[in-house]
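Working notes for the structure below.
The values are calculated or read from the model by the stated rules, or taken from the named source; none is laboratory data. Treat the numbers as computed from the prediction; the structure is a model and nothing was measured. Cβ sites come from the backbone with ideal geometry, for glycine too, and all protein chains shown count toward neighbours. When the accessible area is computed, the model is the full protein with side chains, heavy atoms only, and any ligands, DNA or RNA have been set aside. Shrake-Rupley method; radii C 1.70, N 1.55, O 1.52, S 1.80 Å.
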Amino acid sequence: MRRSGAEPELVLAVDVGTQSLRVVAFDARGRAADGVRLAYDPPYLSPKPGWAEQDPDYYLLKIGEACRRLWGAGRVEPQGLAGLALTCQRGTLVNLDQDGRPLRPAIIWLDQRRATRLPRLPLPWRLVLYPSGLISTVRHLMAEAEINWIREHQPRILEESRHICLLSGYLNYKLTGIMADSVANQVGYLPFDYKRFCWSSPLSWKSAALPGVRDKMVELIPPGKTLGRITSQASSLTGLPRSLPVVAGASDKACEVLAGGCLEPDHGCVGLGTTATINVNSPRYIEPIPLVPPYPSAKKGEYNLEVQTYRGFWLVTWFKEQFCQIEEAAAREQGLPAEALLDLSAAATPPGALGLSLQPYWTPGVRYPGPEAKGAIIGLGSAHTKGHLYRAIMEGLAFSLRSGRERIERRTGRKIERLTACGGGSQSDLMMQITADVFNLETSRPGLDEASALGAAILAARGVGLHPDLKTAVAHMVRQGRTFRPRPEAAALYDGLYAKVHRRLYRRLKGTYRAIMDLTGYPETPEQG
């Protein structure tokens, strides 16, 4: 039932990203009353090359600081909130002792360490996986699992862990005192049954691949349901009213899908963030790539069919750091982000970047691309400039996402007819136009920049009764922004480049990538114990 008009009708979204944190207050129409963004300094620590860690309480302190700044601005009063929901970066692991205190820094999803001595799978599972050809995929997943790295290098930490959860679970616990997390946050190397939305059976291959941890996992709550209420301690830290309802939210990508209004299988959501993704929502469990499950949707009981390019707009950061000191200095003088100048430079180059093609596999994948994959740049000539290379990065990401679209369409039997693009890259008009041209589909932005925060607000509004159901909440709170239409000549050129260059590139280079891995030992090939 809808709440009476005399009661609070604002909800708070807490968006814990990889680079920054946001708290935004929304009304029941999806309008932002006010918000605060705080950048992390630093986003993570690297005690060794390739490591990415952060104190879990650092995020909690940032939530407190952001909330106090929000109240201090005077446009939102904590007493005016009906509830809150949290959305969070995915795959960041936290180990807790019996008193709920972190035993070590959280391992951020960007971390590149891998286990090399893997648990031995029981014979029945080996007999199933070897003939099917899936054993290499399972071993890759086991090597990537932070739990197995801790088992190998810090066994005492694993022994002392009473609870193992994702960062979202830890923050929900610190807000409510309840050791629980949303089903829709469970995206990571965990013993989770993605089909049934519960922890895996003790007899499953996932429990065998991560032995001895299933009983350490936290309680799971469906998205949109009340998870708990703000404790006295959390109230003191944040200024949030004691006993304010905390609604189970969803992961950042799941919230983006929701905020884009992408609830039907023909409406794709492109995530142009640190990880680039293409998603569709589905009522059916369908693996977009065999053995790579769909993730829990923000819509209870449904799935997000997702294909990832692991280093998405992180490539822009890499490019700036390695090659664009001059542009960054010029941008500072003009009071602009460096991306604005780089966009101008790339926009001056023609579609196709004079044949310069980039395969954006700076981080290997699981099955496609596989663990041997690497990045590639081909077609370089004397006419090419930084602008051409920057454009090639954008086009390479768009081609990779188009490949994901085709995989999803083959698995579902449904065509994706329209796109909504979210994430930092969607603020680039150039990237939006390239996406529309490469996909040859109309591509829209949400009407609000803070897509993941809006998705969390939609769940909160539904959870506290501002709307009777999720469909109604989406209809009232989601607005479409600018739409970019494909240009016929550019779309035709991109069709040719995709079919004759990009689509064939990984298959032709796969053997070369494998040889590089075998000769250099990078990345390492794990051994099963």
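The condition (being assigned to a helix (DSSP H, G or I), more than 30 Å from Pro122 (Cβ to Cβ) and of a type in the set (Val, Ile, Thr)) is satisfied by just one residue among Thr472, Thr420, Thr483: Thr472. Among the residues of segment 277-306, those identified as under 17 Å from the mean Cα position of the chain (by Cα), at pLDDT 95 or above and either among the aliphatic types (A, V, I, L, M) or open to solvent by 20 Å² or more (accessible area, probe 1.4 Å) (or both) are Ile278, Val280, Tyr295, Ala298, Lys299, Leu305.
Screening the candidates Val257, Val247, Val280 for the property of being over 30 Å from Glu395 (Cβ atoms) and not small (Gly, Ala, Ser) yields one hit, Val247. For segment 56-83, a tally of residues being surrounded by fewer than 20 Cβ atoms within 10 Å (Cβ to Cβ) and outside any helix (DSSP H, G or I) returns 3.
What do you reckon, is Asp15 at pLDDT below 95, touching a helix residue (DSSP H, G or I) at 6+ places or on another chain (Cβ under 9 Å), outside any helix (DSSP H, G or I) and open to solvent by less than 40 Å² (accessible area, probe 1.4 Å)? Taking the combined requirement at face value, the residue does not satisfy it.
Of the listed requirements (1) at pLDDT below 95; (2) touching a Phe, Trp or Tyr at 6+ places or on another chain (Cβ under 8 Å); (3) buried (at least 18 other Cβ atoms within 10 Å of the Cβ); (4) part of a loop (DSSP other than H, G, I, E, B), Trp362 misses just one: (3). Pairs linking a residue in segment 433-448 that is touching a residue at least 24 places away in the same chain (Cβ under 8 Å) and of a type in the set (Gly, Ala, Ser) to a residue that is open to solvent by 40 Å² or more (accessible area, probe 1.4 Å) and assigned to a strand (DSSP E or B), with Cβ atoms under 6 Å and 6 or more positions apart or on different chains, are Ser444/Gln480; Gly447/Gln480.
Yes or no: Pro337 within 24 Å of the chain's Cα centre (by Cα) and under 21 Å from Leu272 (Cα atoms)? So Pro337 fits the description; yes. Among the conditions (1) surrounded by 13 or more Cβ atoms within 10 Å (Cβ to Cβ); (2) hydrophobic (A, V, I, L, M, F, W, C); (3) at pLDDT below 95, Ala52 misses just one, which is (3). Note on segment 118-221: enclosed helices (runs of 4 or more DSSP H) holding 3 or more residues that are open to solvent by less than 50 Å² (accessible area, probe 1.4 Å) are 135-144, 146-153, 167-176, 205-209.
For the residues Tyr498, Tyr494, Tyr506, the requirement of being buried (at least 23 other Cβ atoms within 10 Å of the Cβ), part of a helix (DSSP H, G or I) and aromatic (Phe, Trp, Tyr) singles out Tyr494.
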